[in-house]
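*Asks:* My questions all concern the structure below.
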Amino acid sequence: MNKELEGRVFPPTTPYLVGREKVREFARAVFAQSPLNHDPEAARAAGFADVVAPPTFAVVIQEAGLALLLAAPDTGIDFSRIVHGEQKFTSTRPIVAGDELTAILTVTSIKSLGGNDMITAETAISDAAGDHVVTATSVLVMRGTE
Amino acid sequence: MSDLVVGQELITGKVTLTRFSLVRYAGASGDFNPIHYRDDVAASVGLPGVLAHGMLTMGLAVQPVIDWMGDRGELVEYGVRFTRPVVVDGNGGVVVTVTAKVGAIEDDVTRIDLTVSANNQTVLGKAQVRVKLHQ
């Protein structure tokens, strides 16, 4: 893997408009049953503009950032050898339907450990006003070729 | 919420994952890697079977905490390590169990530690949820 990737900041992703039905679909898929995830009235009564996405929904927006990383020509990343090692979400506020979200991915660390390469990518996700919503941090492990 | 003590069990949860669950998550998340729904592809890359998406396991594992917390607080951080794959049998599926305990109380943040198991093994490591509970 290209060690010079460390510190690289990728351009902002195309804004992602969070749809109410997408939130509901994702909520069903992760067995999230709170009315806040499904019922706009319940969400509004709790002070949200619309239905609230489950915490791991941010992965959908992170994915757009990771796509830029994996498509870059000089990374030395072989996608067929990549395993998802760790994931973390650090949240300022929940994602809600109607949010227009942009992701900026930064490669924060590249390490070699026992023949494997580990890349840590932090994807900062902001709303249309430019305010931070959540940062998604992935550790991807690229297995060695022996 | 000051009545919480470290080590206290807060809630448990149990979800049966089937191939249907995996296909539904693939569609909802956009992760269509065929190792999550095709036995032949999973076998061809040396896997013990069709696997649940790690992000599906992570996503469902936090739900008991969300339900327990209700409107009494908010999640500020959630992280996991993917330590073992969750093999999903084509017929019976697999039961994933979650136990949530108080891990630490740090000023206004409560750390909740999750134990997540499937097929008699823990499948996530260092699965920690940090929440801010309203006083």
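The values are calculated or read from the model by the stated rules, or taken from the named source; none is laboratory data. For clarity, every value in this text was computed on a predicted model and none was experimentally measured. Here Cβ is always computed from backbone atoms with ideal geometry, including for glycine, and neighbour counts include all displayed protein chains. The protein model used for the area step is the full one, side chains on, heavy atoms only, and it has no ligands, DNA or RNA in it. Shrake-Rupley method; radii C 1.70, N 1.55, O 1.52, S 1.80 Å.
*Asks:* Roughly speaking, what % of Cα-Cα pairs in chain A are separated by over 25 Å, rounded to a whole number? Walk me through the numbers before you get to the answer.
*Replies:* On the way: 3593 of 10585 pairs.
Value for chain A: 34 percent of Cα pairs lie more than 25 Å apart.
*Asks:* Also, quick follow-up: Rolling a 1.4 angstrom probe over the protein heavy atoms, how many square angstrom per residue are accessible across segment B:1-105? If you can, show how the numbers build up before the last one.
*Replies:* Numbers: 4780 Å² over 105 residues.
With the other protein chains kept in place, segment B:1-105 gives 46 Å² per residue.
*Asks:* Nearest 10 degrees, 0 to 90: what angle lies between the long axis of helix A:58-71 and the longest principal axis of chain A (Cα atoms)?
*Replies:* Helix A:58-71 and the main axis of chain A meet at about 30 degrees.
*Asks:* Out of the trypsin sites (Lys or Arg not before Pro) in segment B:34-135, which ones are loop residues according to DSSP with at most 15 other C-beta atoms within 10 Å?
*Replies:* Working: sites: B:38, B:72, B:81, B:101, B:111, B:126, B:130, B:132; in loops: B:38, B:72.
Those that pass, being in a loop and sparsely packed, are B:38, B:72.
*Asks:* Step through the table entries A:22/B:101; A:3/B:101; B:14/B:126; A:111/B:132; A:111/B:126, compare each Cα-Cα distance with 28 Å, and write down the pairs that go over it. Before the final figure, lay out the partial values.
*Replies:* Values: A:22/B:101 31 Å; A:3/B:101 39 Å; B:14/B:126 19 Å; A:111/B:132 33 Å; A:111/B:126 20 Å.
Table pairs above 28 Å Cα-Cα are A:22/B:101; A:3/B:101; A:111/B:132.
*Asks:* Just the number, please: buried accessible area between A and B, total of both chains, 1.4 angstrom probe, nearest 100 square angstrom.
*Replies:* Details: alone 7830 and 7400 Å², together 13170 Å².
In total, this chain pair buries about 2100 Å².
*Asks:* Note down the magnitude of the dipole of the protein assembly as shown about its Cα centre, charges +1 on Lys and Arg C-beta and -1 on Asp and Glu C-beta and zero elsewhere, to the nearest 20 debye. Show your work: numbers first, answer last.
*Replies:* Details: 24 positive and 32 negative charges, 112 e Å.
With only Lys, Arg, Asp and Glu charged at Cβ, the dipole is about 540 debye.
*Asks:* Calculate how large, on average over all directions, the projected area of the Cα convex hull of the protein assembly as shown is; give the answer in nm² to one decimal.
*Replies:* Values: hull surface 60.9 nm².
Projected over every direction and averaged, the Cα hull of the protein assembly as shown covers 15.2 nm².
*Asks:* Please name whichever of A:129, A:102, A:38 sits farthest to the positive end of the charge dipole of segment A:16-146, dipole taken about the Cα centre and charges placed at Cβ: Lys and Arg +1, Asp and Glu -1.
*Replies:* Value computed over the given set: A:38.
*Asks:* To the nearest 20 debye, what charge dipole does chain A have about its Cα centre, counting +1 at the Cβ of each Lys and Arg and -1 at the Cβ of each Asp and Glu? List each step's numbers first, then the result.
*Replies:* Working: 12 positive and 18 negative charges, 48 e Å.
Dipole magnitude for chain A comes out near 240 debye.
*Asks:* Something else about it: Under Stokes-Einstein, with the Kirkwood radius over Cα pairs standing in for Rh, what whole-number D in µm²/s applies to chain B at 25 °C and 0.890 mPa s?
*Replies:* On the way: Rh = 15.7 Å.
After rounding, the answer is 156 µm²/s.
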